[in-house]
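Take a look at the structure set out below.
Please treat every number below as a calculation from the coordinates, not as lab data. Every value quoted in this text rests on a predicted model; they were computed, and no experiment measured them. In this analysis, Cβ positions are derived from the backbone assuming ideal geometry, glycine residues included, and neighbour counts consider all displayed protein chains.
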């Protein structure tokens, strides 16, 4: 009974940020500051006129214009192509890295490896972009090749930690006794991975892949530095248009990108909350 009482006291004293005074008000203010500026952008994407500040009536005009714009179509296809390949490669590499840093005994250099994997998260994106620009410039000069491989490689390298974190978190929350039991039943390491680890890890892999896809799809800085002429993605195309003339067509494209990103991140959130 005494132990039960002590356990209850510890539970009652457990810290929870949600119980702090003013937490709800601060959270609401933060959400308003983050998302309120997006509302005019979405609203004026349906403006029938050419102004981004003067409402002239509801219309799908700019969505139709963006849909018919061949430059937008080309940039959108390139964005999806690069994001799909980059997220696939990044997820595969992140899965192997997560297995190598969780399904093994602690060894010297493990912390350094973890830091290297997450380097793109710690270093400013502009630094990574400049470093990739220099490396790829040397390769382009030596090979005279200017294809999309550089852009896909850059996005893959940048997206690895975003895929790695949910996969690693999933692995750390899994019951390792199931894999041990499979080994005790003479299953090979590959069969154990394929029949036990992979099915349990699959939600984490999907979550990591979706997060990497969204990061690649929305990236501007690295793409702007690495891409060759004629390799605009949708975000860099929009940036170029903003330097020339601003029309609600940009609002329409931004709204579509915002919707796709929000849907995928929401799906990632619920998928990552799935219980073991």
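Looking at the calculated P(r) for the stretch 62-201, what percent of the C-alpha pair distances fall above 23 Å? Walk me through the numbers before you get to the answer.
Numbers: 5164 of 9730 pairs.
Cα-Cα pairs of the stretch 62-201 separated by over 23 Å account for 53 percent.
Can you give the helix-only mean residue ellipticity at 222 nm for the chain, where every DSSP H stretch with n ≥ 4 adds -39500 (n - 2.57) and the sum goes over all residues, rounded to the nearest 500 deg cm²/dmol? All intermediate terms of the calculation are to be shown ahead of the outcome.
Values: 15 runs with 202 residues, N = 276.
My calculation for the chain gives -23500 deg cm²/dmol from helical runs alone.
Determine, for 194, 108, the number of other Cβ atoms within 10 Å of each Cβ, and report the residues in order from fewest to most. Walk me through the numbers before you get to the answer.
Values: 194 12, 108 6.
Ascending Cβ contact count within 10 Å gives the list 108, 194.
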| query | Any idea how far the Cα center of the stretch 208-231 sits from the one of the stretch 157-198, in Å? | reply | 29
| message | At 7 Å along Cα-to-Cβ for each site, give me the label-to-label distance between residue 26 and residue 169 in nm. | response | 2.1
| request: Round to the nearest 10 and give me the degree value, 0 to 90, for the angle of helix 248-272's Cα axis relative to the longest principal axis of the chain. | output: 10
| Nearest 10 degrees, 0 to 90: helix 2-13 Cα axis against the chain principal axis | 10
| note | Pseudo-spin-label distance residue 239 to residue 262, built 7 Å along Cα→Cβ, given in nm, is 2.4
| Sorting 64, 179, 249 on the 10 Å Cβ count, fewest up front, what's the list? | 64, 179, 249
| said: So if I take the centroid of the Cα atoms in the stretch 47-116 and the same for the stretch 233-272, what is the distance between those two points in Å? | reply: 10
| query | Could you put 243, 61 in order, starting from the residue whose Cβ has the fewest other Cβ atoms within 10 Å? | reply | 243, 61
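What fraction of the Cα pairs in the chain, stated in percent, has a spacing above 36 angstrom? Don't skip to the end; give the middle numbers.
Details: 12605 of 37950 pairs.
Considering the chain, 33 percent of its Cα-Cα pairs are separated by more than 36 Å.
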| On Cα atoms only, tilt of 125-143 relative to the major axis of the chain in degrees | 70
| What residues of the stretch 234-255 lie in the reach of a label at residue 54, counting those whose backbone N is under 16 Å from a point 7 Å from the Cα along Cα→Cβ? | 246-248
| query | Points 7 angstrom from Cα along the Cβ direction at residue 186 and residue 43: gap in nanometres? | reply | 7.2
